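First the structure, in the form of structure tokens, and then the observations on it.
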Amino acid sequence: MEMKLITKRIDKIDPLSIDDYIEHGGYASLKKAVGTKRLDVIESVEKSKIRGRGGAGFPMSIKLYALAQQSLDMKYIVCNADEGEPGNFKDRLLMEKDPHQIIEGMIISAYATMAKKGYIYIRGEFDRSLEIMKHTVEEARARNFLGKDILGKGFDFDLEIRSGAGSYVCGEEFALLESLEGKAGRTRVKPPFPTSVGLFGKPTLINNVETFAALPAIIEMGGDAYAKIGTPTSTGTKLISLSGNIKNKGVFEVPFGVSMREIIEKLGGGSDSGKKIKMVQLGGACGPIIPEYMLDMVIDFERFEEFESKTGAGALIVIDERFDIFEILLRIASFFDHESCGRCTPCREGNIHLTNTLRRFQEYRATERDLMSLESQAMVMHQTSLCGLGQSSPTAIISTLHYFRGTYMRRIEDSMDREA
Ligand SMILES: Cc1cc2nc3c(=O)[nH]c(=O)nc-3n(C[C@H](O)[C@H](O)[C@H](O)COP(=O)(O)O)c2cc1C
Ligand code: SF4
């Protein structure tokens, strides 16, 4: 069931050796790409139908075309390696185990769009990733995969590594760009989008680590062949960060269309406690929590969108029956309360309100009124917050109000009993 496309070299090469990478097929896709026309490269990406792997699932080729059609001197390629969401650890694995692959994807993007400069914005706590990526950039530069007149093809592109500012919201693309510019990591009002007004006001392609890492494979096999993997609309493979009450924790690469049950049972080996799995959180802390009986659902973008959840980053957090749902929701809400940047009222005040209300549920002090207030507050935040953090922070609550409503009702009854 596993399909190793972008993880195929992991644990087979020394990540600190460019020679090892090249011996295992590395930089062959870049050589192939620069031997074709720029638009052919983008056409191949278009045919592959690849969508961003960082969460929102936006088609990569649309961004590439948007950047390529602008004939400005300065355009940027930015790799989002902030990976701050609890439950996600796939980008760190790629950076630490096969770092050249990410850079190769960025150089191919630069060639296709005529961008001259790039940045990799890495979560500040990832010391090892930072160290490895810096080394990787130096190695690539020494071999003329970066710098002037790359591979004698007359195009220039260079990369800088930047350490993240230590805040989860800096992974949101506009906040990340602000942070890269040296400002506080807060979102911008959109539009305009980064492909027209991005870093330092210039057109910018920003993609996730996994998205860039998939490009060499797409160029190698061709867009049509890549599109045959997965489902017709969610093509290719996805890295899944599997964690929680599961035997085999780790990152697994699977084609889209595989069910969560298969991943949890076959790759994850089932519950690690002998207790029954009660629920699973999809995507990470900002994703929905679904009951065990829904695990036959397959992994693809469309299914996630049904939950109004843009959390395709690919985490599965498995929770067994020992855990109190309110304990979990309270932890999630406290995380978002802490991470809210404070710029807009629904998120700044809403996350405090959600945290306080959930605490009443957790401490058996909840009333019907708390339930109504939780529900309306969550919807207001979802619909009116300025950026994805506030919009998605109540997703776990909204989903549990739907799938575990009985648990809320029982807790209110128990609270009344204790009061009496
Ligand atoms: C609060 C928040 C945090 C985010 N964190 C990340 C992150 O750590 N890494 C990432 O690639 N995308 C993150 N995103 C999504 C980015 O805004 C953006 O959609 C993504 O970098 C685009 O790349 P992709 O199209 O390759 O997915 C985050 C979004 C939000 C709202
Ligand atoms: S939604 Fe939250 S994180 Fe985003 S701008 Fe508003 S306060 Fe800041």
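Points worth noting:
- The set of residues in the range 335-351 that are crowded, with 18+ Cβ neighbours inside 10 Å and acidic (Asp, Glu) comprises 337, 339.
- Residue 137 passes every criterion in (1) within 16 Å of ligand 1 (Cβ to nearest atom); (2) touching a strand residue (DSSP E or B) at 6+ places or on another chain (Cβ under 9 Å); (3) without any contact (Cβ under 8 Å) to a residue 40 or more places away in the chain apart from (1).
- Test: residue 406 is within 16 Å of ligand 1 (Cβ to nearest atom), outside the structural domain of residue 250 (by TED's automatic domain parsing) and over 28 Å from residue 210 (Cβ atoms): no
- Matching residues in the range 341-392 - criterion: being at positive phi and more than 9 Å from ligand 2 (Cβ to nearest atom): 364
- Residue match in the range 88-100 (condition: more than 16 Å from ligand 2 (Cβ to nearest atom), part of a helix (DSSP H, G or I), crowded, with 22+ Cβ neighbours inside 10 Å and polar (S, T, N, Q)): no
- Taken across the range 198-205, residues that are among the basic types (Lys, Arg) and more than 16 Å from ligand 1 (Cβ to nearest atom) do occur, with at least one present.
- Considering each residue of the range 197-213 in turn, none proves to be in contact (Cβ under 8 Å) with a residue 60 or more places away in the chain and more than 18 Å from residue 118 (Cβ to Cβ).
- Residue within the range 150-173 that is closer than 23 Å to residue 73 by Cα, within 16 Å of ligand 1 (Cβ to nearest atom) and not basic (Lys, Arg) present: yes
- Of the residues making up the range 322-339, at least one is out of contact with any helix residue (DSSP H, G or I) (no Cβ under 6 Å at 6 or more places or on another chain) and within 16 Å of ligand 1 (Cβ to nearest atom).
For (1) within 13 Å of ligand 1 (Cβ to nearest atom); (2) within 22 Å of the chain's Cα centre (by Cα); (3) not assigned by TED's automatic domain parsing to the domain that holds residue 213, each residue gets a yes or a no:
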| residue | (1), (2), (3) |
| --- | --- |
| 34 | no, no, no |
| 38 | no, no, no |
| 44 | no, no, no |
| 48 | no, yes, no |
| 52 | yes, yes, no |
| 57 | yes, yes, no |
| 64 | yes, yes, no |
| 71 | no, no, no |
| 77 | yes, yes, no |
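- Residue ID - farthest from residue 395 (Cα to Cα), chosen from residues in the range 345-378 that are within 16 Å of ligand 1 (Cβ to nearest atom) and touching a Ser or Thr at 6+ places or on another chain (Cβ under 6 Å): 348
- Qualifying residue in the range 307-328 (condition: within 30 Å of residue 175 (Cβ to Cβ), in contact (Cβ under 8 Å) with a residue 12 or more places away in the chain and surrounded by fewer than 16 Cβ atoms within 10 Å (Cβ to Cβ)): yes
- Residue identified as of a type in the set (Gly, Ala, Ser) and more than 15 Å from residue 333 (Cβ to Cβ) among 385, 399, 393, 376: 376
- Complete set of residues in the range 276-329 that are among the basic types (Lys, Arg) and modelled with pLDDT of 95 or more: 276, 278, 322
- The C-beta contact set for the range 345-363 (first residue under 16 Å from residue 414 (Cβ atoms), second residue within 16 Å of ligand 1 (Cβ to nearest atom), distance under 8 angstrom, 6+ apart or interchain) comprises 358/333.
- Number of positions in the range 199-233 that are under 24 Å from residue 301 (Cβ atoms), part of a loop (DSSP other than H, G, I, E, B) and over 19 Å from the mean Cα position of the chain (by Cα): 5
The values are calculated or read from the model by the stated rules, or taken from the named source; none is laboratory data. Please read all numbers here as calculations on a predicted model, not as lab measurements. Ideal geometry is used to build each Cβ from the backbone, glycine not excepted, and the neighbour counts take in all protein chains shown.
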